[in-house]
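> I have a structure I would like to understand better, so I am pasting it below and will then ask my questions one at a time.
The values are calculated or read from the model by the stated rules, or taken from the named source; none is laboratory data. The structure displayed is predicted, hence computed values, not measured ones. Because the Cβ atoms are built from the backbone with ideal geometry, glycine has one as well, and the counts that use them run over all protein chains shown.
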(Lines give C-alpha, C1' and ligand atoms only; values in the text may rest on other atoms or scores of the structure.)
Protein backbone atom coordinates (compact mmCIF):
# COMPACT_ATOMS: atom_id res chain seq x y z
CA UNK A 1 0.00 0.00 0.00
CA UNK A 2 3.01 2.23 0.35
CA UNK A 3 3.24 2.61 -3.41
CA UNK A 4 -0.38 3.71 -3.73
CA UNK A 5 -1.55 7.25 -3.10
CA UNK A 6 -4.00 6.28 -0.40
CA UNK A 7 -5.19 8.79 2.07
CA UNK A 8 -7.81 9.03 4.73
CA UNK A 9 -10.47 10.33 2.35
CA UNK A 10 -10.00 7.43 -0.09
CA UNK A 11 -10.04 4.87 2.68
CA UNK A 12 -13.14 6.42 4.19
CA UNK A 13 -14.89 6.38 0.83
CA UNK A 14 -13.85 2.74 0.32
CA UNK A 15 -15.23 1.75 3.69
CA UNK A 16 -18.46 3.60 3.05
CA UNK A 17 -18.82 1.90 -0.35
CA UNK A 18 -18.66 -1.60 1.15
CA UNK A 19 -22.04 -3.29 1.63
CA UNK A 20 -23.38 -3.39 5.13
CA UNK A 21 -23.27 -6.83 6.69
CA UNK A 22 -26.21 -7.77 8.80
CA UNK A 23 -26.52 -10.79 11.05
CA UNK A 24 -29.73 -11.38 12.92
CA UNK A 25 -28.52 -14.42 14.82
CA UNK A 26 -28.14 -14.23 18.55
CA UNK A 27 -24.74 -14.24 20.23
CA UNK A 28 -25.44 -17.64 21.86
CA UNK A 29 -26.33 -19.18 18.53
CA UNK A 30 -23.15 -17.95 16.90
CA UNK A 31 -20.99 -19.18 19.79
CA UNK A 32 -22.54 -22.65 19.64
CA UNK A 33 -21.91 -22.92 15.90
CA UNK A 34 -18.29 -21.82 16.30
CA UNK A 35 -17.63 -24.42 18.92
CA UNK A 36 -18.81 -27.14 16.52
CA UNK A 37 -16.64 -25.85 13.63
CA UNK A 38 -13.69 -28.26 13.28
CA UNK A 39 -11.65 -25.70 11.41
CA UNK A 40 -11.29 -23.79 14.58
CA UNK A 41 -9.92 -26.76 16.51
CA UNK A 42 -6.10 -26.77 16.07
CA UNK A 43 -3.12 -28.57 17.63
CA UNK A 44 -1.75 -27.05 20.79
CA UNK A 45 1.61 -26.26 19.21
CA UNK A 46 0.01 -24.33 16.40
CA UNK A 47 -2.49 -22.77 18.71
CA UNK A 48 0.23 -21.42 20.92
CA UNK A 49 1.88 -19.95 17.87
CA UNK A 50 -1.26 -18.19 16.83
CA UNK A 51 -1.66 -16.65 20.22
CA UNK A 52 1.63 -14.85 19.69
CA UNK A 53 0.65 -12.92 16.57
CA UNK A 54 -3.18 -12.79 16.39
CA UNK A 55 -3.51 -10.18 19.17
CA UNK A 56 -0.91 -8.03 17.44
CA UNK A 57 -2.78 -8.29 14.19
CA UNK A 58 -6.03 -7.42 15.89
CA UNK A 59 -4.39 -4.43 17.58
CA UNK A 60 -3.00 -3.21 14.28
CA UNK A 61 -6.33 -3.66 12.57
CA UNK A 62 -8.09 -1.87 15.40
CA UNK A 63 -5.63 1.01 15.15
CA UNK A 64 -6.20 1.16 11.42
CA UNK A 65 -9.96 1.26 11.84
CA UNK A 66 -9.70 3.86 14.57
CA UNK A 67 -7.37 5.97 12.43
CA UNK A 68 -9.95 5.84 9.69
CA UNK A 69 -12.95 6.54 11.90
CA UNK A 70 -11.53 9.33 14.03
CA UNK A 71 -11.19 11.88 11.17
CA UNK A 72 -14.70 11.02 10.06
CA UNK A 73 -16.05 11.44 13.56
CA UNK A 74 -14.19 14.70 13.98
CA UNK A 75 -15.58 16.00 10.69
CA UNK A 76 -19.05 14.93 11.76
CA UNK A 77 -18.61 16.72 15.08
CA UNK A 78 -17.27 19.77 13.29
CA UNK A 79 -20.21 19.62 10.92
CA UNK A 80 -22.61 19.32 13.84
CA UNK A 81 -20.96 22.27 15.57
CA UNK A 82 -21.02 24.31 12.37
CA UNK A 83 -24.66 23.39 11.91
CA UNK A 84 -25.48 24.43 15.47
CA UNK A 85 -23.48 27.65 15.06
CA UNK A 86 -25.22 28.46 11.78
CA UNK A 87 -28.59 27.73 13.35
CA UNK A 88 -27.76 30.00 16.32
CA UNK A 89 -26.62 32.75 13.94
CA UNK A 90 -29.83 32.39 11.94
CA UNK A 91 -31.90 32.57 15.11
CA UNK A 92 -29.92 35.62 16.27
CA UNK A 93 -30.37 37.25 12.87
CA UNK A 94 -34.10 36.56 12.94
CA UNK A 95 -34.38 37.97 16.47
CA UNK A 96 -32.47 41.09 15.47
CA UNK A 97 -34.55 41.48 12.33
CA UNK A 98 -37.70 41.12 14.38
CA UNK A 99 -36.45 43.76 16.82
CA UNK A 100 -35.45 46.07 13.96
CA UNK A 101 -38.86 45.66 12.37
CA UNK A 102 -40.45 46.41 15.72
CA UNK A 103 -38.27 49.52 16.08
CA UNK A 104 -39.10 50.59 12.54
CA UNK A 105 -42.77 50.17 13.28
CA UNK A 106 -42.33 52.14 16.51
CA UNK A 107 -40.46 54.89 14.67
CA UNK A 108 -43.11 54.93 11.98
CA UNK A 109 -45.77 55.17 14.65
CA UNK A 110 -43.87 57.95 16.39
CA UNK A 111 -43.42 59.77 13.09
CA UNK A 112 -47.14 59.50 12.48
CA UNK A 113 -47.86 60.83 15.94
CA UNK A 114 -45.35 63.65 15.41
CA UNK A 115 -47.03 64.52 12.15
CA UNK A 116 -50.45 64.45 13.78
CA UNK A 117 -49.30 66.58 16.71
CA UNK A 118 -47.12 68.99 14.77
CA UNK A 119 -49.94 71.46 14.31
CA UNK A 120 -50.39 71.67 18.09
CA UNK A 121 -46.70 71.83 19.06
CA UNK A 122 -46.31 75.58 18.70
CA UNK A 123 -49.50 76.18 20.63
CA UNK A 124 -48.55 73.81 23.44
CA UNK A 125 -45.01 75.08 23.89
CA UNK A 126 -45.98 78.74 23.77
CA UNK A 127 -48.89 78.19 26.15
CA UNK A 128 -46.54 76.66 28.71
CA UNK A 129 -44.21 79.68 28.68
CA UNK A 130 -44.14 82.43 31.25
CA UNK A 131 -46.40 85.31 30.25
CA UNK A 132 -45.38 88.92 30.81
CA UNK A 133 -48.90 90.30 30.59
CA UNK A 134 -52.33 89.98 32.17
CA UNK A 135 -55.30 89.70 29.78
CA UNK A 136 -58.86 90.81 30.52
CA UNK A 137 -60.25 87.26 30.50
CA UNK A 138 -57.68 86.27 33.12
CA UNK A 139 -59.09 88.68 35.68
CA UNK A 140 -61.95 86.41 36.76
CA UNK A 141 -62.07 86.46 40.58
CA UNK A 142 -58.99 88.69 40.73
CA UNK A 143 -58.17 92.35 41.19
CA UNK A 144 -55.10 93.93 39.60
CA UNK A 145 -52.88 96.05 41.83
CA UNK A 146 -50.63 98.06 39.52
CA UNK A 147 -47.43 99.30 41.07
CA UNK A 148 -44.25 100.83 39.68
CA UNK A 149 -41.29 99.21 41.43
CA UNK A 150 -37.74 100.61 41.43
CA UNK A 151 -34.49 98.85 40.56
CA UNK A 152 -31.21 100.68 39.92
CA UNK A 153 -33.07 103.94 39.21
CA UNK A 154 -35.33 102.20 36.68
CA UNK A 155 -39.10 101.80 36.98
CA UNK A 156 -40.53 98.33 36.40
CA UNK A 157 -44.33 98.02 36.17
CA UNK A 158 -45.72 95.02 38.06
CA UNK A 159 -49.29 93.76 38.32
CA UNK A 160 -50.03 92.11 41.65
CA UNK A 161 -52.97 89.72 41.32
CA UNK A 162 -55.26 89.85 44.36
CA UNK A 163 -57.96 87.22 44.95
CA UNK A 164 -61.43 88.74 44.92
CA UNK A 165 -62.32 86.97 48.15
CA UNK A 166 -59.34 88.51 49.91
CA UNK A 167 -60.16 92.01 48.66
CA UNK A 168 -63.80 91.69 49.67
CA UNK A 169 -62.78 90.54 53.15
CA UNK A 170 -60.20 93.33 53.57
CA UNK A 171 -62.13 96.27 52.15
CA UNK A 172 -65.61 97.69 52.48
CA UNK A 173 -65.54 99.03 48.93
CA UNK A 174 -66.54 96.18 46.60
CA UNK A 175 -65.24 98.05 43.54
CA UNK A 176 -61.95 99.55 44.68
CA UNK A 177 -59.91 101.74 42.32
CA UNK A 178 -56.13 102.03 42.10
CA UNK A 179 -55.90 104.45 45.05
CA UNK A 180 -57.93 102.22 47.39
CA UNK A 181 -55.98 99.10 46.38
CA UNK A 182 -52.68 100.91 46.79
CA UNK A 183 -53.47 102.15 50.30
CA UNK A 184 -54.58 98.68 51.35
CA UNK A 185 -51.84 96.50 49.84
CA UNK A 186 -48.77 98.53 48.79
CA UNK A 187 -47.01 97.90 52.12
CA UNK A 188 -47.51 94.15 51.66
CA UNK A 189 -45.73 93.90 48.32
CA UNK A 190 -42.43 92.02 48.96
CA UNK A 191 -40.25 94.42 46.97
CA UNK A 192 -36.89 93.33 48.36
CA UNK A 193 -37.78 89.66 48.10
CA UNK A 194 -38.44 90.23 44.40
CA UNK A 195 -35.08 92.01 44.04
CA UNK A 196 -36.37 95.59 43.98
CA UNK A 197 -35.63 98.63 46.14
CA UNK A 198 -37.67 99.22 49.29
CA UNK A 199 -39.63 102.15 47.87
CA UNK A 200 -43.35 101.73 48.61
CA UNK A 201 -45.65 102.85 50.06
CA UNK A 202 -45.09 106.51 49.23
CA UNK A 203 -44.25 108.78 52.09
CA UNK A 204 -47.16 110.78 53.45
CA UNK A 205 -50.76 110.24 52.42
CA UNK A 206 -52.28 109.09 49.15
CA UNK A 207 -55.81 110.16 48.30
CA UNK A 208 -57.78 111.26 45.27
CA UNK A 209 -59.80 114.13 44.03
CA UNK A 210 -61.71 113.31 40.88
CA UNK A 211 -59.22 112.09 38.26
CA UNK A 212 -56.23 113.37 40.24
CA UNK A 213 -54.16 111.37 42.71
CA UNK A 214 -52.64 113.50 45.47
CA UNK A 215 -49.60 112.63 47.53
CA UNK A 216 -49.44 114.73 50.65
CA UNK A 217 -45.76 114.53 51.54
CA UNK A 218 -43.90 115.51 54.72
CA UNK A 219 -41.23 118.17 54.57
CA UNK A 220 -38.41 115.59 54.59
CA UNK A 221 -39.88 113.37 51.89
CA UNK A 222 -36.62 113.22 49.90
CA UNK A 223 -38.24 112.80 46.50
CA UNK A 224 -36.58 115.97 45.25
CA UNK A 225 -32.94 115.21 46.00
CA UNK A 226 -32.12 115.30 42.28
CA UNK A 227 -33.87 115.49 38.94
CA UNK A 228 -33.36 111.73 38.46
CA UNK A 229 -34.97 111.09 41.84
CA UNK A 230 -37.97 113.23 40.90
CA UNK A 231 -38.25 111.45 37.52
CA UNK A 232 -38.32 108.02 39.21
CA UNK A 233 -40.94 109.27 41.64
CA UNK A 234 -43.29 110.47 38.90
CA UNK A 235 -42.64 107.50 36.59
CA UNK A 236 -43.44 105.15 39.46
CA UNK A 237 -46.73 106.96 40.03
CA UNK A 238 -47.55 106.66 36.30
CA UNK A 239 -47.22 102.86 36.50
CA UNK A 240 -49.23 102.69 39.73
CA UNK A 241 -52.33 104.80 39.21
CA UNK A 242 -53.21 103.65 35.72
CA UNK A 243 -56.91 104.49 35.97
CA UNK A 244 -56.32 108.15 36.84
CA UNK A 245 -55.23 111.14 34.74
CA UNK A 246 -53.03 113.30 36.95
CA UNK A 247 -50.65 113.07 39.90
CA UNK A 248 -50.21 116.04 42.21
CA UNK A 249 -47.68 116.45 45.03
CA UNK A 250 -48.94 118.64 47.87
CA UNK A 251 -47.60 119.65 51.26
CA UNK A 252 -49.31 119.10 54.59
CA UNK A 253 -51.37 122.23 54.01
CA UNK A 254 -52.75 120.79 50.78
CA UNK A 255 -50.83 123.23 48.59
CA UNK A 256 -48.45 122.31 45.73
CA UNK A 257 -45.22 121.12 47.32
CA UNK A 258 -41.78 122.52 46.62
CA UNK A 259 -39.69 120.01 44.71
CA UNK A 260 -36.12 121.26 44.91
CA UNK A 261 -34.79 121.66 41.34
CA UNK A 262 -38.22 122.08 39.71
CA UNK A 263 -39.89 124.40 42.21
CA UNK A 264 -43.59 124.09 42.92
CA UNK A 265 -45.03 120.79 41.82
CA UNK A 266 -47.53 120.94 38.96
CA UNK A 267 -50.05 118.20 38.13
CA UNK A 268 -48.26 115.48 36.16
CA UNK A 269 -50.13 113.51 33.44
CA UNK A 270 -50.18 109.83 34.29
CA UNK A 271 -49.89 108.47 30.76
CA UNK A 272 -46.64 106.91 29.49
CA UNK A 273 -46.61 106.81 25.71
CA UNK A 274 -43.45 104.74 25.51
CA UNK A 275 -42.25 101.57 23.75
CA UNK A 276 -41.58 98.41 25.73
CA UNK A 277 -38.24 96.63 26.05
CA UNK A 278 -36.71 93.72 27.93
CA UNK A 279 -35.16 94.39 31.33
CA UNK A 280 -32.93 91.73 32.90
CA UNK A 281 -32.69 91.55 36.68
CA UNK A 282 -29.48 90.33 38.39
CA UNK A 283 -31.44 87.21 39.38
CA UNK A 284 -32.01 86.42 35.69
CA UNK A 285 -35.71 87.31 35.88
CA UNK A 286 -36.98 89.09 32.77
CA UNK A 287 -39.44 91.97 32.91
CA UNK A 288 -40.94 93.98 30.07
CA UNK A 289 -40.76 97.70 30.81
CA UNK A 290 -41.50 100.99 29.02
CA UNK A 291 -38.45 103.11 28.32
CA UNK A 292 -37.87 106.45 26.65
CA UNK A 293 -36.40 106.38 23.16
CA UNK A 294 -36.77 109.63 21.29
CA UNK A 295 -40.11 110.99 20.16
CA UNK A 296 -42.72 108.26 20.56
CA UNK A 297 -45.84 110.37 20.75
CA UNK A 298 -47.68 108.08 18.30
CA UNK A 299 -48.18 104.34 18.46
CA UNK A 300 -46.42 103.88 15.12
CA UNK A 301 -43.35 105.73 16.38
CA UNK A 302 -43.33 103.71 19.59
CA UNK A 303 -43.66 100.35 17.81
CA UNK A 304 -40.89 101.19 15.35
CA UNK A 305 -38.67 102.42 18.18
CA UNK A 306 -38.83 98.95 19.73
CA UNK A 307 -36.28 97.70 17.16
CA UNK A 308 -33.42 99.66 18.70
CA UNK A 309 -33.42 100.88 22.33
CA UNK A 310 -30.18 102.88 21.75
CA UNK A 311 -28.85 102.14 25.25
CA UNK A 312 -27.44 99.28 27.30
CA UNK A 313 -30.00 99.39 30.12
CA UNK A 314 -32.75 97.60 28.23
CA UNK A 315 -32.77 95.19 25.29
CA UNK A 316 -34.98 95.02 22.24
CA UNK A 317 -37.65 92.31 22.23
CA UNK A 318 -37.51 92.24 18.43
CA UNK A 319 -34.98 89.77 16.92
CA UNK A 320 -32.36 91.66 14.92
CA UNK A 321 -33.14 89.81 11.65
CA UNK A 322 -36.78 90.90 11.62
CA UNK A 323 -38.09 94.02 9.97
CA UNK A 324 -41.64 95.32 9.82
CA UNK A 325 -43.87 98.22 8.92
CA UNK A 326 -46.64 99.75 11.00
CA UNK A 327 -49.96 101.13 9.88
CA UNK A 328 -52.97 102.17 11.95
CA UNK A 329 -56.56 101.45 11.02
CA UNK A 330 -59.08 102.86 13.47
CA UNK A 331 -58.04 101.48 16.89
CA UNK A 332 -55.73 98.74 15.56
CA UNK A 333 -52.01 99.05 14.87
CA UNK A 334 -51.07 96.56 12.13
CA UNK A 335 -47.52 95.24 12.27
CA UNK A 336 -46.63 93.68 8.90
CA UNK A 337 -43.34 91.81 8.58
CA UNK A 338 -41.46 92.62 5.37
CA UNK A 339 -40.66 88.92 4.87
CA UNK A 340 -43.11 86.19 5.78
CA UNK A 341 -42.32 85.09 9.31
CA UNK A 342 -42.12 81.42 10.21
CA UNK A 343 -42.71 81.38 13.95
CA UNK A 344 -41.04 77.97 14.21
CA UNK A 345 -37.74 79.49 13.07
CA UNK A 346 -37.36 81.63 16.20
CA UNK A 347 -37.06 80.66 19.84
CA UNK A 348 -40.57 80.64 21.28
CA UNK A 349 -39.61 82.55 24.45
CA UNK A 350 -38.16 85.31 22.26
CA UNK A 351 -41.31 85.36 20.12
CA UNK A 352 -43.45 85.54 23.23
CA UNK A 353 -41.50 88.55 24.51
CA UNK A 354 -41.82 90.29 21.14
CA UNK A 355 -45.57 89.74 20.76
CA UNK A 356 -46.34 90.73 24.33
CA UNK A 357 -44.00 93.72 24.03
CA UNK A 358 -45.99 94.85 20.99
CA UNK A 359 -49.23 94.40 22.92
CA UNK A 360 -47.99 96.37 25.93
CA UNK A 361 -46.71 99.18 23.73
CA UNK A 362 -50.10 99.37 22.03
CA UNK A 363 -51.83 99.41 25.43
CA UNK A 364 -49.97 102.63 26.31
CA UNK A 365 -52.00 104.19 23.50
CA UNK A 366 -55.15 102.15 24.22
CA UNK A 367 -54.73 100.47 20.83
CA UNK A 368 -54.87 96.82 19.83
CA UNK A 369 -52.11 95.10 17.87
CA UNK A 370 -52.47 92.77 14.90
CA UNK A 371 -49.62 90.85 13.25
CA UNK A 372 -49.53 90.31 9.49
CA UNK A 373 -47.48 88.11 7.14
CA UNK A 374 -46.87 85.17 9.46
CA UNK A 375 -47.06 81.55 8.30
CA UNK A 376 -48.78 80.35 11.46
CA UNK A 377 -52.14 81.71 12.53
CA UNK A 378 -51.84 80.76 16.20
CA UNK A 379 -49.14 81.30 18.79
CA UNK A 380 -49.89 80.00 22.26
CA UNK A 381 -53.03 81.70 23.50
CA UNK A 382 -52.83 84.35 20.78
CA UNK A 383 -55.01 84.12 17.67
CA UNK A 384 -53.00 85.92 15.00
CA UNK A 385 -55.89 86.12 12.55
CA UNK A 386 -57.44 89.04 14.43
CA UNK A 387 -56.41 91.96 16.64
CA UNK A 388 -54.87 90.87 19.92
CA UNK A 389 -56.53 91.94 23.17
CA UNK A 390 -55.29 94.99 25.07
CA UNK A 391 -53.47 93.80 28.22
CA UNK A 392 -54.74 94.77 31.67
CA UNK A 393 -51.21 94.96 33.04
CA UNK A 394 -47.60 93.92 32.75
CA UNK A 395 -45.40 91.45 34.66
CA UNK A 396 -47.94 89.62 36.85
CA UNK A 397 -46.96 88.45 40.34
CA UNK A 398 -48.93 86.80 43.14
CA UNK A 399 -49.07 88.51 46.54
CA UNK A 400 -47.86 85.99 49.16
CA UNK A 401 -50.32 85.18 51.91
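> Considering each of 220, 312 in turn, give the residue that is assigned by TED's automatic domain parsing to the domain that holds residue 357, in a loop (DSSP other than H, G, I, E, B) and loosely packed, with under 15 Cβ neighbours inside 10 Å.
Working: 220 fails: assigned by TED's automatic domain parsing to the domain that holds residue 357.
Result of the check over 220, 312: 312.
> Here's a follow-up. Given the criteria under 21 Å from residue 354 (Cα atoms), in contact (Cβ under 8 Å) with a residue 24 or more places away in the chain and surrounded by fewer than 17 Cβ atoms within 10 Å (Cβ to Cβ), does residue 318 qualify? Walk me through how you get there before you give the answer.
Numbers: under 21 Å from residue 354 (Cα atoms): yes; in contact (Cβ under 8 Å) with a residue 24 or more places away in the chain: yes; surrounded by fewer than 17 Cβ atoms within 10 Å (Cβ to Cβ): no.
So residue 318 does not fit the description; no.
> Within the stretch 385-401, can you find the residues that are touching a helix residue (DSSP H, G or I) at 6+ places or on another chain (Cβ under 7 Å) and either assigned to a loop (DSSP other than H, G, I, E, B) or exposed (fewer than 14 other Cβ atoms within 10 Å of the Cβ) (or both)? If you could, list the steps in order and put the result at the bottom.
Pass one, the stretch 385-401, residues touching a helix residue (DSSP H, G or I) at 6+ places or on another chain (Cβ under 7 Å): 388-392, 394, 399.
Matches in the stretch 385-401: 389, 390, 391, 392, 399.
> With 311, 325 as the choices, which residue is within 19 Å of residue 353 (Cα to Cα), under 32 Å from the mean Cα position of the chain (by Cα) and modelled with pLDDT under 95? Talk me through it step by step, then tell me what you get.
Working: 325 fails: modelled with pLDDT under 95.
Of the residues listed, the single one that is within 19 Å of residue 353 (Cα to Cα), under 32 Å from the mean Cα position of the chain (by Cα) and modelled with pLDDT under 95 is 311.
Yes or no, residue by residue, for (1) over 17 Å from residue 236 (Cα atoms); (2) outside any helix (DSSP H, G or I):
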position: 161; (1), (2): yes, yes
position: 165; (1), (2): yes, no
position: 183; (1), (2): no, no
position: 192; (1), (2): no, yes
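Matching residues to (1) under 40 Å from the mean Cα position of the chain (by Cα); (2) without any contact (Cβ under 8 Å) to a residue 60 or more places away in the chain; (3) surrounded by 21 or more Cβ atoms within 10 Å (Cβ to Cβ); (4) not in a strand (DSSP E or B):
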| position | (1), (2), (3), (4) |
| --- | --- |
| 232 | yes, no, no, yes |
| 236 | yes, no, yes, yes |
| 249 | no, yes, yes, no |
| 266 | no, yes, no, yes |
| 295 | yes, yes, no, yes |
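> Can you find a residue in the stretch 323-332 that is farther than 15 Å from residue 367 by Cα and either without any contact (Cβ under 8 Å) to a residue 12 or more places away in the chain or assigned to a loop (DSSP other than H, G, I, E, B) (or both)? Working first, answer last.
Taking the stretch 323-332 as the starting set, the residues that turn out to be farther than 15 Å from residue 367 by Cα are 323-325.
From what is left, the residues that are either without any contact (Cβ under 8 Å) to a residue 12 or more places away in the chain or assigned to a loop (DSSP other than H, G, I, E, B) (or both) are 323.
Looking through the stretch 323-332, at least one residue is farther than 15 Å from residue 367 by Cα and either without any contact (Cβ under 8 Å) to a residue 12 or more places away in the chain or assigned to a loop (DSSP other than H, G, I, E, B) (or both).
> Do we have residue 176 as assigned to a loop (DSSP other than H, G, I, E, B), in the same structural domain as residue 144 (by TED's automatic domain parsing) and over 20 Å from residue 238 (Cβ atoms) here?
Values: assigned to a loop (DSSP other than H, G, I, E, B): yes; in the same structural domain as residue 144 (by TED's automatic domain parsing): yes; over 20 Å from residue 238 (Cβ atoms): no.
Answer is no for this residue.
> Given the criteria modelled with pLDDT of 95 or more and under 26 Å from the mean Cα position of the chain (by Cα), does residue 357 qualify?
Details: modelled with pLDDT of 95 or more: yes; under 26 Å from the mean Cα position of the chain (by Cα): yes.
For residue 357, the condition - modelled with pLDDT of 95 or more and under 26 Å from the mean Cα position of the chain (by Cα) - is met.
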